[in-house]
Amino acid sequence: MALGKAHGMPFFLVASFPKADKPEFLANLISCNWPASLRDIYHSTDAFGFSKLVGRLRQGVRPFFTRECLFSTALNSESDADQKLLFESQGLVSSIAFSLHDAHLNHYIFVFSGTRDALPQEDVAKLYFGALELLDLDLTRSPQDGPREKLSARELECLRWSAAGKSSEEIAVILNISGHTVISYLKSAMRKLDSVNRMQAVARACRFRLL
């Protein structure tokens, strides 16, 4: 916050660079000082993983400044126009954005927003290197990517059999428990892995080397 305010950009966003199986805003959010209502509304749009912000950062590594709404999609739809008005009404009119890797090769997005015009190159460099210093101070995440909450042995067993193509009823027979209990374990695993279905939960568990 202090870094952004020092350059006339009072709003900040720090997020993990979204992966194909994890595009949701809150699943990647590390820290931001947006108004709570704006944050919640934006998460409900499912736009983050497909936003102009992510698209621009996939194309280059240099910091860039813009007065367009980076957080909407590139579809130029009516909902995108509404999002632009929403962000501008909250004071996020212009933004400077860039992505960085830390020493463990974790990929992050930094965005500083406000109402000012384009920043001088010297200020852009200070923001960029200031963000690098924050990563060196390890103020974001632990080096090991993984679920925020530890999965139980039973939850992992159910996921493992689900990955093998077994239905809830088949898993219940294998583990000698009820089908209702299997569903309960799988739902709990999905919640801990920030997943919307079993397939996504299995994919994330594999990526975290839990299976």
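The values are calculated or read from the model by the stated rules, or taken from the named source; none is laboratory data. Predicted model, so just to flag it, every value in this text is computed and none were measured. Reconstructed Cβ throughout: ideal geometry from the backbone, glycine too, with neighbour counts over all protein chains shown. Just so you know, the surface numbers come from the protein's heavy atoms only, side chains and all, with ligands and any DNA or RNA stripped out. Shrake-Rupley method; radii C 1.70, N 1.55, O 1.52, S 1.80 Å.
Observations on the structure shown:
- If you plug the beta carbon distance of Q90 and K150 into 1/(1 + (r/R0)^6) with R0 = 25 Å, you get a FRET efficiency near 0.10.
- Rounded to the nearest 500, the 222 nm mean residue ellipticity of the chain from helices alone is -13500 deg cm²/dmol, with -39,500 (n - 2.57) taken per DSSP H run of at least 4 residues.
- Count, lysine Cα pairs under 28 Å in the chain, 8 or more residues apart or across chains: 23
- Label point distance in nm, F50-R209, each placed 7 Å from Cα along Cα→Cβ: 3.3 nm
- Only Cα pairs under 8 Å and 6+ residues apart enter the sum, and on that basis the relative contact order of the range 9-158 stands at 25 percent.
- C-alpha center-to-center spacing [the range 158-211, the range 108-129] in angstrom: 43 Å
- For the pair K19 and R58, label points projected 7 Å from Cα toward Cβ lie 1.6 nm apart.
- Overall form of the range 41-190 per C-alpha gyration tensor (a/c, 1.5; a/b vs b/c): prolate
- Over the range 90-211, Cα pairs under 8 Å with separation of 6+ residues give a relative contact order of 19 percent.
- Rounded FRET efficiency, nearest 0.05, which uses the C-beta distance separating T181 from L132 and R0 of 45 Å: 0.40
- Note that the range 21-174 presents 54 Å² accessible area per residue, ligands and nucleic acids not counted, probe 1.4 Å.
- Zone residues, the range 66-92, relative to A118, backbone N less than 17 Å from point 7 Å out along Cα-to-Cβ: 66-69
- The stretch between S31 and M199 holds 57.7 nm of extra length on full extension. This uses 0.36 nm per residue minus the Cα-Cα distance.
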